[in-house]
1. Evaluate Rg over Rh across the stretch 91-154, taking Cα atoms for both radii and Kirkwood's formula for Rh.
2. Only Cα pairs within less than 10 Å get springs; with that Gaussian network setup on the chain, which residue of Pro327, Pro164, Pro309 has the largest fluctuation?
3. With +1 assigned to the C-beta of every Lys and Arg and -1 to the C-beta of every Asp and Glu, and no other charges, what is the dipole magnitude of the stretch 143-222 about the Cα centre in debye, to the nearest 20?
4. Looking at Leu287, Gly199, Thr314, which one has the Cα that reaches farthest to the positive end of the dipole of the chain (charges on Cβ: Lys, Arg +1; Asp, Glu -1)?
5. Helix-derived [θ] at 222 nm for the chain: sum -39500 (n - 2.57) over DSSP H runs of at least 4, divide by residue count, nearest 500?
6. Restricting to Cα pairs below 8 Å that are 6+ residues apart, what does the relative contact order work out to for the chain? Please round to a whole percent.
7. Net charge near Leu113: determine it from the other residues with C-beta under 13 Å of the C-beta of Leu113, scoring Lys and Arg +1 and Asp and Glu -1.
8. Put +1 on the Cβ of every Lys and Arg and -1 on every Asp and Glu Cβ in the chain; which of Leu223, Trp102, Tyr142 then has its Cα farthest towards the positive end of the dipole?
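Readers should treat all values here as calculations from the given coordinates under stated rules, not as data from a laboratory. Source: prediction; values computed, not measured. So basically every Cβ, Gly included, is an ideal-geometry build from the backbone, and we count neighbours across all protein chains shown.
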Amino acid sequence: MTHFSHQQPPRLLVVRNDKLGDFMLAWPALACLKASEPTPHVSVLVPGYTAPMARLCPWVDEVIVDPGDGAGREARQDVLAQIRAADVDALLTLFSTPRIGWLGWRAGIPLRLAPATKWAQLFYNHRITQRRSRSAKPEYVYNMELAEALLDALALPKPTRPAPPYWPLSAQEQGAQRHRIAEELALDPERPWVFLHAGSGGSAVNLTAEAYARLAQDVTSRLDENSAPSWILTAGPGEEDNADALHRTLKGMALDAHRLPARDGLGDFALSLAAADLFIAGSTGPLHIAGCLNRATAGFYPARRSATPLRWQTCNDATRRLAFRPPAEAGETDMHAIDLEAAAEQIARRLASSPTSEPSTT
């Protein structure tokens with residue numbers, strides 16, 4: 001294998017072309033790659049949906065948009081031409097499919113590394129056995145292990161693993177987001193702000209709106225007037241009506257509830273999460289954006305082995321992370337079995353013990 005220590009930095013292509021949360025959990029691996037010496041040029045292949053986040057990622061130099069499985073011949077040829085023009089030295093596929101393996105092979109990328117899963121691995125000349133289906137580690141740790149394996153294969157030094165925040169916004173940017181929302185919603189910036197995302201993004205099993213309303217009421221009742229939060233409800237595309245209904249419910253409970261105003265696309269929405277003192281959601285893309293920002297998070301997970309709080313752990317500091325799931329004997333999607341009183345107690349303690357708008361940089 002070529003050594004790059006005395007040559008131009010290697011050019012890498014990293015693929016994570018599925019859902020938003022999956023891509024956010026790739027940011028620690030991208031940070032790991034960029035911390036090596038010489039600093040690689042890192043391109044990513046992502047779907048159009050997550051491309052705005054890829055363009056905001058400080059560990060990405062170039063974004064190539066994947067047209068997807070249903071793309072026509074012209075679109076497939078175009079993305080192949082883009083990858084060839086990028087003159088890539090190595091491909092790292094974090095989630096392997098036959099189409100992506102075939103694409104990397106056709107592009108003539110010399111080193112192609114992926115998890116050793118399914119027959120797609122036949123297209124790769126470096127394969128790493130991880131057995132992710134056992135859910136023994138967080139997804140972002142599996143991704144960092146693949147990044148480290150790629151650096152080993154390239155004979156590049158492995159850096160000390162980067163620490164949160166994996167999306168390190170400046171204090172000025174965080175302050176600007178909080179000021180913007182305070183102006184929009186006439187909020188007191190000295191009170192805790194809890195962002196509540198009740199949508200599922202069409203994939204993750206989540207609590208019902210009624211359960212979230214009970215949770216918000218219970219959390220608020222456990223706090224005194226000075227530490228009782230403002231509740232800011234967020235929603236993804238197609239989830240606005242449900243968020244509006246939950247907003248009305250919380251207002252009817254006499255809670256200080258607000259709807260986050262519409263944002264200019266996914267990137268603008270993601271930046272607004274930097275203003276949160278705590279972000280509550282199911283295991284969805286927005287929860288993992290908040291984790292990358294190192295905001296405090298409280299995630300609600302189903303009982304499925306493939307969807308455990310460990311496997312889909314947010315990548316913020318451990319001290320900023322709460323996770324709740326049904327008991328082991330519950331059904332895989334029985335979110336009603338989660339002990340909401342216990343969750344409310346932990347969330348209230350977290351809010352009572354933390355300063356408002358704590359910085360997310362280390």
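1. Dividing the radius of gyration by the Kirkwood radius yields 0.95.
2. Looking only at Pro327, Pro164, Pro309, the biggest GNM fluctuation is shown by Pro327.
3. Computed charge dipole of the stretch 143-222: roughly 120 debye.
4. Of the listed residues, the answer is Thr314.
5. Values: 12 runs with 127 residues, N = 362.
So the calculated ellipticity at 222 nm is -10500 deg cm²/dmol.
6. 18
7. Neighbour charge sum, excluding Leu113 itself: -2.
8. The Cα lying farthest towards the positive end belongs to Trp102.
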